[in-house]
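Structure first, commentary second.
Read the figures in this text as sums done on the coordinates, not as results from a lab. As the structure is a computational prediction, the values presented were derived from the model and not from experiment. Here the Cβ is made from the backbone with ideal geometry for all residues, glycine too, and neighbour counts use every protein chain on show.
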Amino acid sequence: AGSKGLAAWVEEKLLKCTQVLSVPDHLKRKEAEFMTVLQSLFNDDARSVEAKTASQLAELQQRTLGFRMKTAEAVRRLKQEKLNTLRFEAMKIEVHKACWRAVSTMGPRNLLPLVYPKSLCFYDKAAYPGVQGSIALTVDDAPCSRSDERLAMIREVQELLREYEAKATFFVCTDYVQSHESKFRELLSDGHEVANHCPADRSYMEDSEEAFEEALLRAERTCERLRRHHQNNSSDNENQKANSDDSGSESDDLGSSAMSSSSSSASFGRKGGRAGEGEGEGEAPVPGLTRWFRAPHAMLSSKMEKVLERHGFTNVLCDCYANDPWIPDATFVAENMLELAEDGSIAVIHMPERGFREYNHQALRNFLEGLRQRNIRVVTLSTLHAQASGGAVFSPPLEE
């Protein structure tokens, strides 16, 4: 295009010159010959450029085609890998379900006394008739494992428990509390309780006795701060109620008795119904005062047991659980827990968060709905213990 434009420009200029000057005929012929040669050169150059451009364009098209083919192959492989991953994850979930069904078939109440002889797993109605019609709901890894408040579902869990008039014991990883303390205190004000689940959600099996003791008591101090705040608020509410109600009538409800004795007594554990010992198969007489604790990942060493015994803690496990961290299926979790739930059961589910175990919110709803249909009351661990022992028990403050 550039060459043709230059030839036109030269031709135009020469034409103007011939119009101004009187050019002899032989020069005109020379001019014509020159223009023919020049035009030929320009045409050859243009054809060369066009050919080169066409060659480059063909090469570019070939490269583009090759890139598209490689991209399509990469996308195909990525889709296949993702599909394989999804299939593998689905297979893992099905394996977990199958394993858990097998465990459930054998009966947690038959297995747990053998595996965890020193832990509280349930209350046998035959040994503790007071637990008839009730189970304890416990929630692990509260309040939220991530500091971003937008990811917490504390308010949603609170509203769900209110809807079903259920109470729960929240086993707290105290490293999580600071970012969510305000909302968590609001939840506790509904009559729920906190218990010790160590500072972090990790196994403490390999920790030294001293290191575990320090972590245990550090976590308990945070739990006590939450209990004191709840106790102070409860005392203020009770004083206001007493001033407005001269009759001073007291509720004969056992759960209310357990809570009104002290927020600490409701929050500290009382050892009762140890699996594998005592009056009824897999049970022990309800002894004195202890505090509730749950070993993270259910991993408890002999060193940890020594520390717990020294400070009056009882390790609490369960007989109603569906391995929800590994089975992201709300329907399966709820149905499996409902199959296991019976009088005196201790149920466990992990705290839901947005984007992490979020399905547990629906699982908890389904579970509570199933219990309501069976007329089973959902209470805190302390209330269930009070029902087992026949009344509320006071618990001492934290040992420094």
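Summary of values
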quantity	calculated
Amide N proximity, region 180-210 versus residue 310 label position 7 Å along Cα-to-Cβ, cut-off under 18 Å	198-199, 204-210
Rough spin-label spacing in nm, given labels placed 7 Å along Cα→Cβ, for residue 374 and residue 232	4.1 nm
Global form of region 62-211, assessed from the alpha-carbon gyration tensor, a/c cut-off 1.5	prolate
Tensor-based shape of region 290-400 (alpha-carbon gyration tensor, a/c under 1.5 rounded, otherwise prolate or oblate)	oblate
Ranked by how many other beta carbons lie within 10 Å on average, peptides 359-368, 87-96, 54-63 from highest	359-368, 87-96, 54-63
Sites residue 8 and residue 59 - FRET efficiency at Förster radius 41 Å, r taken between beta-carbons, to 0.05	0.85
Region 113-131 and region 292-347: distance between their alpha carbon centers, rounded to Å	13 Å
